[in-house]
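Every number here is computed from the coordinates shown, using simple stated rules; none is lab data. Remember, it's a predicted structure, so these values are computed and weren't measured experimentally. Because the Cβ atoms are built from the backbone with ideal geometry, glycine has one as well, and the counts that use them run over all protein chains shown.
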Amino acid sequence: MKILITGGAGFVGSSLIEHLVKTTEHKITSLDNYISGSKNNHIIHDNVCYIEGNTWDGYEIFKDVTFDIVFHFGEFSRIHTSFKKIRMLNKSILQGTPVILELVRKWNAKLIYSATSSALNDKENLSPYTWMKNKMCELIKNYAKWYNINYQICYFFNVYGGKREISSGDFSTVIGIFTKQYLNKEQLTVVKPGTQERCFTNIIDIVVGLVKIMSEKENNDWYLNHEETYTILDIVKMFGCDFKYIEERKGERYVALKKKNNNLNWKAKISLKDYIYELKSQ
């Protein structure tokens, strides 16, 4: 098959590409603008092609090609940063994703979309990011009604782990930040109040889930989360480090959101507690 992965140089996209080239003969194209992705994440392989560009320019970029499956990961992807980078957010989500949807319709391809667990809360207007992601899920489902596209919506829950996890800058993850601070023998920085509870799902489990979802035929929502939940202060205790508080952020939620998949033969296996223990024992 011919597969397009937007955001293919990012954390999740590059991890998926690495797995696919090891286990399949699919032809893979990555589209990434390298705002959060990195060329250091490229998987050098005859079956992988990298294009630097924006999703909102997709009509021109892909005017002469088609794909069978589109993994759409190439959206702006941080809650607190969305307040200060609203113009980038608009372009990435409100302009870019409708273009990808139209291309999926044109190609009669399957869309596998990376939603966010933050969109599952009862208050959908917590942040610009959460609101826009909610609306894109709604638009995808409407496209299925209007144009009969095939979609799979995957909700990611605090993905962590591996060499590609982002540990600094606007797109860093909490486990990435804590790991870097731990290795540098620094205090861990905890966003107030520290009692925020989350599910944390290892990237290896996420990739396994995505591969399973590739073969699903019926339109569906999938929840890729570990059953365990921890507060941020729980994680600090796992690392066994001193910490300091930093200011509370707009758009934060405090309760862990987790769902069960009734029809997907998948379960997250890697425990965050075991992951941190192994990290500390190296």
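Can you show me the helix-derived [θ] at 222 nm for the chain, built from DSSP H runs with n ≥ 4 at -39,500 (n - 2.57) apiece and divided by the number of residues, rounded to the nearest 500.
Rounded to the nearest 500, it is -10000 deg cm²/dmol.
Testing the spin-label approximation: label points 7 Å from Cα along Cα→Cβ at E197 and D57. State their distance in nm.
4.6 nm
Tell me, in nm to one decimal, what length is gained between K217 and S38 on full extension, where the rule is 0.36 nm per residue of separation less the Cα-Cα distance?
Between K217 and S38, full extension yields 61.2 nm more.
How do Y245, Y151 line up, fewest other C-beta atoms within 10 Å first?
The fewest-first ordering by Cβ neighbours comes to Y245, Y151.
Taking Rh as the Kirkwood radius, which is the inverse of the mean 1/r over Cα pairs, what is the Rg/Rh value for the chain?
Reported Rg/Rh, Kirkwood definition of Rh: 0.95.
Can you tally the net charge around T66? Count Lys and Arg as +1, Asp and Glu as -1, for every other residue whose Cβ sits under 14 Å from the Cβ of T66.
+3
Find which of T195, Y147, T229 sits farthest along the positive direction of the dipole of segment 140-249, computed with +1 on the beta-carbon of Lys and Arg, -1 on that of Asp and Glu, about the Cα centre.
Farthest along the dipole direction, towards plus: Y147.
Report the calculated FRET efficiency for V65 and D274 (r = Cβ-Cβ distance, R0 = 45 Å), to the nearest 0.05.
Once the sixth-power term is evaluated, E becomes 0.60.
When the dipole is taken about the Cα centre of the chain, and only Lys, Arg (+1) and Asp, Glu (-1) are charged at their Cβ, what size is it in debye, to the nearest 20?
340 debye
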